[in-house]
Amino acid sequence: MTFVSDASLPLPGMPDSTPAPPAFQMTLIGQPQPVRIPERLWRSWLDDPAVVSRFESKRYRRRNLCWPWIGGVSSTGHGSFRAASLPGPSRRGTVPAHLFAYQHEYGVISRLGRSNTDDAVLCHQCDFAGCTNPAHMRLGTNRSNRSEYELRRRNIASPLADVRGPAGRTRTIDAAIRTGIEQNVDVDTVEECIAAAEAAGRPPSLW
């Protein structure tokens, strides 16, 4: 009798040595296709001072308010940050700015999803897609995020009611900030520009 050894099978009573699949996040970059990003890549970017410095140069910090993104904007109104130039699809190294901001502050979110209703997603409590202030974000689910959206978008004072849509709002606020910076005006004047840009998208009231 001939015995054939199969090295791929574990011996009886021994633990399976098959390596676990690498963890990843499904990162939504506009519509409609999410991008799979391994956690190891996220950690390498978040730990790289040069990458973080480039990121910081593209957000406008304000005290106790939203921190608008002043870089590229996706079709969903979220900031788009090119963390790295990677081979393959052209946007593979591009990630949502708010997701980068949150994980830089609190650490990598393991296996963040974008498909099922109960998968974890990162939600803006301020309802402004272009905000990168981690204090304005929390983890939720697709289900809860959609429910909150439906409730709050009817409030005409909410960013969700902006007639320009989320991308239009983010780009308009970005342009207002950039203009203020280029003209070297003071912080209070920039705030006035931001307020005017926000108000310009408010839907007309019947009262």
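The values are calculated or read from the model by the stated rules, or taken from the named source; none is laboratory data. Only a predicted model underlies this, so the values are computations on that prediction, with no experimental measurement involved. Please note: Cβ atoms are built from the backbone with ideal geometry, for glycine as well, and neighbour counts cover all protein chains shown. Ligands, DNA and RNA are stripped out before the accessible areas are found, and what is left, the full protein with its side chains, is counted by its heavy atoms. Shrake-Rupley method; radii C 1.70, N 1.55, O 1.52, S 1.80 Å.
Would you check if there is a residue in the stretch 171-180 being among the charged types (D, E, K, R) and more than 22 Å from T76 (Cβ to Cβ)?
no
What tally of residues in the stretch 171-207 results from selecting those that are in contact with a strand residue (DSSP E or B) (Cβ under 8 Å, 6 or more places away or on another chain) and not in a helix (DSSP H, G or I)?
Adding up the residues that qualify gives 0.
In the stretch 158-170, how many are buried (at least 19 other Cβ atoms within 10 Å of the Cβ) and either more than 25 Å from E148 (Cα to Cα) or in contact with a strand residue (DSSP E or B) (Cβ under 8 Å, 6 or more places away or on another chain) (or both)?
Residues flagged as buried (at least 19 other Cβ atoms within 10 Å of the Cβ) and either more than 25 Å from E148 (Cα to Cα) or in contact with a strand residue (DSSP E or B) (Cβ under 8 Å, 6 or more places away or on another chain) (or both) within the stretch 158-170 amount to 1.
Among the candidates A50, A7, single out the residue that is loosely packed, with under 13 Cβ neighbours inside 10 Å, more than 16 Å from T132 (Cα to Cα) and either among the aromatic types (F, W, Y) or at pLDDT 95 or above (or both).
A50
Considering every residue within the stretch 115-130, establish whether at least one is touching a Phe, Trp or Tyr at 6+ places or on another chain (Cβ under 7 Å), under 22 Å from V52 (Cα atoms) and in contact (Cβ under 8 Å) with a residue 12 or more places away in the chain.
The answer is yes, given that some residue of the stretch 115-130 is touching a Phe, Trp or Tyr at 6+ places or on another chain (Cβ under 7 Å), under 22 Å from V52 (Cα atoms) and in contact (Cβ under 8 Å) with a residue 12 or more places away in the chain.
Based on this model, can you work out whether S147 counts as of a type in the set (S, T, N, Q) and within 19 Å of H124 (Cα to Cα)?
Yes, satisfied.
Within the stretch 116-150, restricting attention to residues that are of a type in the set (S, T, Y), in contact with a strand residue (DSSP E or B) (Cβ under 7 Å, 6 or more places away or on another chain) and not in a strand (DSSP E or B), which residue is modelled with the lowest pLDDT?
Within the stretch 116-150, the match that is modelled with the lowest pLDDT is T117.
Give all pairs with beta carbons closer than 9 Å in which a residue from the stretch 187-207 that is open to solvent by less than 60 Å² (accessible area, probe 1.4 Å) meets a residue that is among the aromatic types (F, W, Y); count only pairs at least 6 apart in sequence or on separate chains.
Matching pairs, first to second residue: V190/Y60; I194/Y60.
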